[in-house]
Amino acid sequence: MGIEINRFQGEVDEELLCPICSSVLENPLQAPNCEHAFCSACIHEWLSRQPTCPVDRQNITPPQLRPVPRILRNLLYRLQLTCDNSIYGCSAILKLDALESHVQECEFNPKRPVPCELGCGLVVPKDELKEHNCVRELRLLMQAQQSKLVEVQAEVAEGKFQLQEQKRELQLLKDYMLAMRNANPSLRILADQMEADEVRRWAETLPKARVLRWGGMISTPDTVLQAMIKRALSESGCPPHIIQDLMENAHERRWPTGLSSLEIRQLNRRQYESYVCRRIPGKQAVAVMACDNGHMNPDMILEPGLIMIFAHGVE
């Protein structure tokens, strides 16, 4: 399984030949005690049939094989041989360590990938180019892509089903906790903490936002705009029990005293830069959550948070 001797230039020392295939050693390994060297493929195939050295019959197993000494590897690397594609016209003479990279790029390599020039854009082995049929290959490619798409769609459908089941089970758990909370004060504290943790986890999934133009704030959004923001909140995974509160807090009539009028907002404008804002996906709007803004004055924040909508200026 090694490299044929007739491809090498000049004489090849016997110590560089594999005792099994009689060819020049390829990826050589040696026995642990007697140090006889063999092609890696040759010795592994031999040992799969009998666990002995092919030369002196000493017992060996595959884990005992080890790389040959550096001096032997250097002798192999100095050998010069013809390219694998010499029968196709390549006249290159190379050292063993340069052979693999040359063969891959050799212009005479019949298996070298080349692009089809007839318009399909596919890359095919050079020796298959004459038989290449663009329409047939594109049809096969399309069929493979369609099969893959069907598999992906099935996986997505299964994922959606599992997600719905998890949501249903979570809702049952929430309903149970709500019922227990009303009956047991200690469970009421636990349920409140679970809800707060859920809000915090959701808020952390939203990217932080920077408001460039606070003057572009829409303090009295109309019904259509509020519906768009509400849908975006729901699609982002916002806990359902706070969506309505957040949307009511999107209008200045529900804002805290520090934001209750245009005049007061102008006086407190410098404090805006201290807000930790979360971008509502796909919208010029931010969520200013109480869990992110414990450092703000009480008159600048609401539970569970504020929704601020802008005409522009959010990044």
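The values are calculated or read from the model by the stated rules, or taken from the named source; none is laboratory data. What you see is a predicted model, and the numbers here were worked out from it, not measured in a lab. Neighbour counts are summed over all protein chains in view; Cβ atoms, including those assigned to glycine, are modelled from backbone coordinates with ideal geometry. Ligands, DNA and RNA are stripped out before the accessible areas are found, and what is left, the full protein with its side chains, is counted by its heavy atoms. Shrake-Rupley method; radii C 1.70, N 1.55, O 1.52, S 1.80 Å.
The distance from the alpha carbon centre of segment 237-259 to that of segment 85-157 is 59 Å, rounded to a whole number. Apply 1/(1 + (r/R0)^6) to the Cβ-Cβ distance of C116 and N74, taking R0 = 45 Å, and write down the FRET efficiency to the nearest 0.05. It comes out at approximately 0.55. Rounded to the nearest 10 degrees, the inclination of helix 185-205 to the longest alpha-carbon principal axis of the chain is 60 degrees.
Here, P(r) means the percent of Cα pairs in each 5 Å bin from 0 to the largest distance; for segment 27-121 it is 2, 12, 17, 13, 11, 13, 12, 9, 5, 3, 2, 1, 0. Approximating the spin labels as points 7 Å out from Cα along Cα→Cβ, the E155-to-I264 distance works out to 5.3 nm.
For the chain, a Kirkwood hydrodynamic radius built from all Cα pairs, placed in the Stokes-Einstein relation at 25 °C and 0.890 mPa s, yields a translational diffusion coefficient of 88 µm²/s.
What size of dipole, in debye to the nearest 20, comes out for the chain about its Cα centre when the only charges are +1 on Lys and Arg C-beta atoms and -1 on Asp and Glu C-beta atoms?
Once rounded to the nearest 20, the dipole reads 1160 debye.
Using the beta-carbon distance between M194 and M228 and R0 = 35 Å, what value does 1/(1 + (r/R0)^6) give for FRET efficiency, to the nearest 0.05? Rounded to the nearest 0.05, the efficiency is 0.75. For the residue pairs K208/K230; K148/K174; K160/K283; K95/K130; K160/K230, alpha carbon separations beyond 29 Å are given by K148/K174; K95/K130. Between R66 and S147, the contour length at 0.36 nm per residue exceeds the Cα-Cα span by 24.6 nm. So how tilted is helix 134-183 from the main axis of the chain? Cα-based, degrees 0 to 90, rounded to 10. Computed tilt is about 40 degrees.
The share of Cα pairs per 5 Å bin across segment 246-299, counted from zero up to the longest distance, runs 4, 18, 25, 32, 18, 4, 0 percent. The length gained by stretching the chain between L140 and K167 to full extension, at 0.36 nm per residue less their Cα-Cα distance, is 5.7 nm. For the chain, the longest principal axis of the C-alpha atoms and the axis of helix 96-105 are separated by about 60°.
For Q80, the residues 5 or more places off, or on other chains, whose built amide H falls under 5 Å of its own are Q9.
Listed by chain and number, the lysines whose alpha-carbon sits under 19 Å from that of K126, ignoring those within fewer than 8 places in the same chain, are K111.
Accessible surface for the chain, divided over its residues, is 63 Å² per residue with a 1.4 Å probe. Taken over segment 68-195, the ratio of Cα radius of gyration to 2.2 N^0.38 Å equals 2.30.
Diffusion coefficient of segment 157-315 by Stokes-Einstein, Kirkwood radius over Cα pairs, 10 °C, 1.306 mPa s: 94 µm²/s. Computing Rg and the Kirkwood Rh from the Cα coordinates of segment 5-78 gives a ratio, Rg/Rh, of 0.97. Around the Cα centre of segment 207-310, unit charges on the Cβ atoms of Lys, Arg, Asp and Glu (plus for the first two, minus for the last two) sum to a dipole of about 380 debye. Here the gap between H295 and Q244, fully extended at 0.36 nm per residue and compared with their Cα-Cα distance, gives a gain of 15.9 nm.
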